[in-house]
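Down below is the structure, laid out as structure tokens.
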Amino acid sequence: GKAYSGDKYIKLYNNTDKVLYADGLFLATTQRNTSIAYTYIPEILDKEVPVTGVIIIPGNGTQYPVEPGKSFVLTQSAINHKEGNTNSFDLTTADMEWRNEHLSNQPANNPNVPDATLLCDFFSLHMNGLTSIIMGRLEVSPEKYLSDYTYEYSWKTVINGIEYERGPFTTYKIPNEWVMDAVYTSMEGKAEVPVFSPSLDMNWTYCGAYFGDTDRYGKSVRRKVAETIDGREVLKDTNNSAVDFTPNATPSLAK
């Protein structure tokens, strides 16, 4: 969800009837952009997800419990954004911030909100949703991940009948079996290429109809409620974001 550039957030929801712990979860942004139809060499989507930024929720294993039907909120800046824009959100109660301190022009930091651990590169949500998010747990140490899970690739495309190839480039990759959830996002009508295997998420959802669409402000992609059990909402999760999410939805934090 977002209202303006500084108040981006991700809401992780416990969809089970048991207490879960956010400790050790990673979130990663896909390296590929859904609107750019390149051919990648080598192609690895059947086994791995090419990613850029990876953050990890730190903790001792039981430090960040999430009760059934409750959420864990990560944000880019845990401040009261309503002070600058009444249409925005008060994110001072977020559970965690993600920070890219090595980059300039960082959003304001809240010293009272703990920071996620930045594992590599930079973590940022695409302003038009053209990159996607995956979540899971590393099955190796962070040090081994950084040394052993790089992805060297080239890409090629054809423009006006002329083939162009660029590379090699290097980024990181996440094995598909480490992924617990994936949300395939794009912009309406711009999902031309996959960013991970259809086995993780077979179709896309969106927020925004075109580049520069200001109607996307104050909107989100939001999971639908499949059923309610003893007052607890069970959200829809069929690994098909086109079915599971309401696009251009009012964010739950705006309720």
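The values are calculated or read from the model by the stated rules, or taken from the named source; none is laboratory data. Source: prediction; values computed, not measured. For neighbour counting, all protein chains shown are included, and Cβ atoms are generated from backbone atoms with ideal geometry for every residue, glycine included. For the accessible areas, the whole protein counts, side chains as well, though only heavy atoms, and no ligand, DNA or RNA atoms are used. Shrake-Rupley method; radii C 1.70, N 1.55, O 1.52, S 1.80 Å.
Quick notes
- Note on the chain: Rg/Rh from Cα positions, Kirkwood definition for Rh, rounded to two decimals, is 0.95.
- With contacts taken as Cα pairs under 8 Å at a separation of at least 6 residues, the range 149-255 carries a relative contact order of 21 percent.
- Short-range pairs are left out: with C-alpha atoms under 8 Å and at least six residues apart, the relative contact order of the range 89-131 is 41 percent.
- Rounded to 5, the percent of DSSP beta bridges in the chain classed as antiparallel: 90
- The range 196-228-the range 103-142 distance, computed between alpha-carbon centres (Å): 19
- Helix-only [θ]222 nm of the chain, DSSP H runs n ≥ 4, -39500 (n - 2.57) each, per residue, nearest 500: -1000 deg cm²/dmol
- Per residue accessible area of the range 48-193, 1.4 Å probe, in Å²: 50
- Accessible area of the chain belonging to carbon and sulfur atoms, whole % at 1.4 Å probe: 49
- Between residue 226 and residue 67, the modelled label-to-label distance comes to 2.3 nm, taking each label 7 Å out from Cα in the direction of the beta carbon.
- Efficiency of FRET from Cβ geometry, residue 143 and residue 47, R₀ 30 Å, rounded to 0.05: 0.85
- Under 12 Å from residue 8, Cα to Cα: aspartates and glutamates that are on another chain or at least 8 residues apart: 90, 97
- In this structure, the pairs whose alpha-carbon distance is over 23 Å, taken from 47/224; 18/82; 18/47; 144/173, are 47/224; 18/82; 18/47.
- Counted residue by residue at 0.36 nm each, then reduced by the alpha carbon distance between them, the extension gain from residue 239 to residue 16 reaches 78.7 nm.
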